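The values are calculated or read from the model by the stated rules, or taken from the named source; none is laboratory data. From a predicted model like this one, the values you see are computed outputs, not experimental measurements. Please note: Cβ atoms are built from the backbone with ideal geometry, for glycine as well, and neighbour counts cover all protein chains shown. Calculation scope for accessible area: heavy atoms of the full protein, side chains included, ligands and nucleic acids excluded. Shrake-Rupley method; radii C 1.70, N 1.55, O 1.52, S 1.80 Å.
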Amino acid sequence: MNIALVGYGQMGRMVHDIALGRGHSVVTVVDPTIVDPTTVDPATDAAAAAGGPVYARALAPELLTGVDVAIEFSLAAAVVDNVRVYAAAGVAAVIGTTGWTDRVDAVASTVADAGVGLVYGSNFSIGAHVFFRVAASAARLVADLDEYDATIHEIHHRRKKDSPSGTALTLAEHVLRALPAKTTIETGRLDRAPHAHELHVSSTRGGANPGCHTLYLDSEADTIEVRHQARSRIGFASGAVRAAEWIAGRTGLYTVDDFVNDTLDPEHRGTQC
Ligand SMILES: NC(=O)c1ccc[n+]([C@@H]2O[C@H](COP(=O)([O-])OP(=O)(O)OC[C@H]3O[C@@H](n4cnc5c(N)ncnc54)[C@H](O)[C@@H]3O)[C@@H](O)[C@H]2O)c1
């Protein structure tokens, strides 16, 4: 497949390596911070002429000539306009960028009008999605057992600026659906006893951990821990490349859950997320 990378920060660079490793070609790289953009005309097969990707500072339809899928890890403010360019070029897209889904309606109508394929999600790590399903199944198993209480804890490196993580909130939503006794997510510091209906989500920041999420199902008798420990961002990047392989040739708007549901063993998918 010929891939365009839109956004060439930490994720874009990792996606580049993974895409090459899975036998794909990266023919276009777009990022406003590219220091040395390619000067040849991309419309005349510049990638081949230059012996590598065309590097550009701004996205344009002619940069997508011959591209099968664009993979975007950029900035929330850029997504709606970039999707218009993918649509104009008839190119499918994987959107890993977060923070723009309040504008998903605009993206949905662009995708529908153009008849292209687009898959988006805030977490493309397939391992994390397996974890959500295992955690939800474990919570469901104790849903009728009063003695078990559920809590969630996550830890991330000292550079992370927000808390709780989006992954922790997604996990919490799965647990709420699995446990009727829990109706609200509480992410604040508690200077009081938690209410029984609250699912408390706590966060720790420090060190170098790329992300660890744990669901505790706790009783007087025992503690059941369901944990996902990321080793690096590689899980996000390889999931995004696999999603690109999946969206190529499809039309319509999909979430990462649609992709994961199609990717996991159908006999053992378990919980629909
Ligand atoms: N979905 C997932 O699995 C997943 C995983 C990790 C990160 N993310 C998200 O991906 C995004 C990027 O993360 P990152 O860690 O690579 O950030 P980063 O800051 O390292 O890289 C973002 C890059 O986007 C570039 N950019 C800004 N405006 C652009 C535009 N209009 N067109 C093209 N590029 C543009 C920036 O110059 C920067 O190089 C964030 O929204 C982050 O939350 C998603």
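Helical content of the chain, expressed as a calculated mean residue ellipticity at 222 nm, amounts to -10000 deg cm²/dmol (DSSP H runs of 4 or more residues, -39,500 (n - 2.57) each, divided by residue number, nearest 500).
Taking all protein chains together, 3, 126 sort by accessible area into 126, 3, largest first [probe 1.4 Å]. Output the 0 to 90 degree angle, nearest 10, between the alpha-carbon long axis of helix 166-178 and the longest principal axis computed from the alpha carbons of the chain. Its long axis makes an angle of about 50 degrees. For 36, 262, the ranking by accessible surface with the largest value first comes to 36, 262, using a 1.4 Å probe.
Note on the chain: Cα convex hull, mean projected area over all directions, 16.1 nm².
Taking the 0 to 90 degree range and rounding to the nearest ten, how far is the long axis of helix 79-89 tilted relative to the main principal axis of the chain, both from C-alpha atoms? For 79-89 against the chain, the angle is about 40 degrees. Rolling a 1.4 Å probe across all protein chains gives residue 153 an accessible area of roughly 50 Å². For the stretch 212-257, the pair-distance distribution built from all alpha carbon pairs, in bins 10 Å wide starting at 0, is 20, 30, 24, 19, 7, 1 percent.
Comparing mean-square fluctuations of 196, 128, 230 from a GNM of the chain with C-alpha springs under 10 Å, the top value falls on 196. Return, ordered by residue number, the residues of the stretch 83-102 whose backbone nitrogen is under 11 Å from a label point located 7 Å along Cα→Cβ of residue 169. Within reach of a label on residue 169, which here means backbone N under 11 Å from a point 7 Å along Cα→Cβ, the stretch 83-102 contributes 99-102.
Largest first, what is the accessible-area ranking of 161, 182 with a 1.4 Å probe?
Numbers: 161 200, 182 15 Å².
The residues order as 161, 182, largest area first.
With a 1.4 Å probe and all protein chains left in place, how much of the accessible area of the stretch 1-150 comes from carbon and sulfur atoms, in whole percent? For the stretch 1-150, the apolar C and S fraction of the accessible surface comes to 53 percent.
Over all Cα atoms in the stretch 126-229, the spread is summed up by Rg and Dmax: 13.3, 40 Å. Just for the chain, what percent of DSSP beta bridges are antiparallel, to the closest 5? The answer is about 30 percent antiparallel.
Placing dummy labels 7 Å off each Cα toward the beta-carbon, the span from residue 262 to residue 234 is 2.6 nm. Considering only 127, 249, 239, the Gaussian network model of the chain with Cα springs below 10 Å gives its largest mean-square fluctuation to 249.
Going by alpha carbons, how many degrees (0 to 90, nearest 10) lie between the helix axis of 104-114 and the longest principal axis of the chain? Long axis of 104-114 versus the principal axis of the chain: about 40 degrees.
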